[in-house]
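What follows is a set of notes on a single structure, which appears directly below.
The values are calculated or read from the model by the stated rules, or taken from the named source; none is laboratory data. Owing to the predicted nature of the structure, the values given are computational and were not obtained by experimental measurement. So basically every Cβ, Gly included, is an ideal-geometry build from the backbone, and we count neighbours across all protein chains shown. Surface accessibility is based on the protein's heavy atoms, side chains included, excluding ligands, DNA and RNA. Shrake-Rupley method; radii C 1.70, N 1.55, O 1.52, S 1.80 Å.
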Amino acid sequence: MKSTRSSRIIAARAQTILLVTALSLWTLPALAQEQPERLSDKDVKALIDQVDVGRDKFEGNLDGDFKGSTVQGANGEIKVSGALQDYQDSTQKLKDRFTADYSASAEVATVLKQSTSIDTFMQRSASDMKGRSEWDRQTTNLKQLADAYNTTFPFSADAAVRRMNDKETANVASTIADAANRFKSDLDKDKTILKPEKDIAKKDVEMLIKQADAVKSRTSDGKPATGEVRQVVEQVAKVQTFVDAHPIPTMTNWQAVQTSLGTLQQAFGLTP
């Protein structure tokens, strides 16, 4: 009796271990592939302000004698006070220039470049140097800023820096909806496609238009829309299956959908 009970306990434990192992194997890749949510203009503005506050706290905690000194840089001697002033000017310029109509990608590149030079110096300095903890906190802000502009920190001098603000992103979604609507008209005009198949395809295109409009609306309102963009991607793939099986003479409008979709995916950090 005891032997049977022990066997059941061992079997139950074995099943539990297998379940936990299976779940870990299933969830870890999913987490690794998960893309961060695209930041709205409001979020990015707050992040830029945070970078400037971090810069100010870092400078404020540096030793006074150090700020008045000269250090050896990659291209020669550098006056610390001058470098700090340049850094302050650049973050202030970024704050001033970022608007709904201008994402200030060039200004972000300048800030990230200067920050990388400071980071290189700080990493080579003693761990008990004044301002070290404030700089470590600042690097967290800089990594988030870089991520919002589809780049990385520390920053490579030849790296691309690009962000599409809410208005531009919403316009791309609108372009998809408009091109899809024109493609729907192209389907109507085509006489070679059987009506039942054409009706199904038109409904799929109508769903695509609805989803693209949802992306436009949510992005314009500064709301998260990554999930809606994924729906657009899936719907375009569904319509593409129909297009592959039923080539029509006029493909210009459908090609416009595909081109704009690639741009939209880039705006949301989703690899086309």
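Is it true that G269 is under 18 Å from S40 (Cβ atoms) and in a helix (DSSP H, G or I)? Considered against the rule, which asks whether it is under 18 Å from S40 (Cβ atoms) and in a helix (DSSP H, G or I), G269 comes out as no. Taking each residue of the range 161-190 that is more than 17 Å from D221 (Cα to Cα) and part of a helix (DSSP H, G or I) and looking for partners that are polar (S, T, N, Q) and modelled with pLDDT under 95 with beta-carbon atoms closer than 7 Å, six or more apart or interchain, yields D186/T250.
Output the residue which, of all residues in the range 31-65 that are among the small types (G, A, S) and open to solvent by less than 60 Å² (accessible area, probe 1.4 Å), is modelled with the lowest pLDDT.
Applying the first criterion (among the small types (G, A, S)) to the range 31-65 yields 32, 40, 46, 54, 60, 64.
Right, trim to open to solvent by less than 60 Å² (accessible area, probe 1.4 Å) and you get 40, 46, 54, 60, 64.
On the way: S40: 97, A46: 98, G54: 98, G60: 97, G64: 93.
Among them, the one singled out is G64.
Take the conditions over 24 Å from S220 (Cβ atoms) and either among the β-branched types (V, I, T) or under 28 Å from the mean Cα position of the chain (by Cα) (or both) and apply them to Y87. Does it pass? Yes, satisfied. Here the condition is being more than 30 Å from D41 (Cα to Cα) and open to solvent by 80 Å² or more (accessible area, probe 1.4 Å); of K198, K189, K202, it holds for K189 alone.
Report yes if some residue within the range 193-202 is assigned to a helix (DSSP H, G or I) and hydrophobic (A, V, I, L, M, F, W, C); otherwise report no. Give the steps one after another, and end with the answer.
The first filter runs over the range 193-202 and keeps only residues assigned to a helix (DSSP H, G or I), leaving 195-202.
From the residues that got through so far, the ones that are hydrophobic (A, V, I, L, M, F, W, C) too are 200-201.
Yes, that holds for at least one residue.
Taking the range 38-83 as the range and being among the acidic types (D, E) and assigned to a loop (DSSP other than H, G, I, E, B) as the test, only D63 passes.
The listed residues are Q114, Q92, Q123, and the only one of them that is at pLDDT below 95 and in a helix (DSSP H, G or I) turns out to be Q123. Each residue in the range 170-216 was checked for being touching a Lys or Arg at 6+ places or on another chain (Cβ under 8 Å) and either at positive phi or of a type in the set (S, T, Y) (or both), and 1 pass.
Residue by residue through the range 74-85, note down the ones that are under 17 Å from T116 (Cβ atoms), in contact (Cβ under 8 Å) with a residue 12 or more places away in the chain and surrounded by 13 or more Cβ atoms within 10 Å (Cβ to Cβ).
Looking only at the range 74-85, we keep the residues that are under 17 Å from T116 (Cβ atoms), and these are 74-75, 78, 80, 83-84.
Next, from what is left, pick out any that are in contact (Cβ under 8 Å) with a residue 12 or more places away in the chain: 74, 80, 83-84.
Within the range 74-85, V80, A83, L84 qualify.
Count of the range 110-143 residues, restricted to those that are open to solvent by 40 Å² or more (accessible area, probe 1.4 Å) and more than 22 Å from G64 (Cβ to Cβ), is 6.
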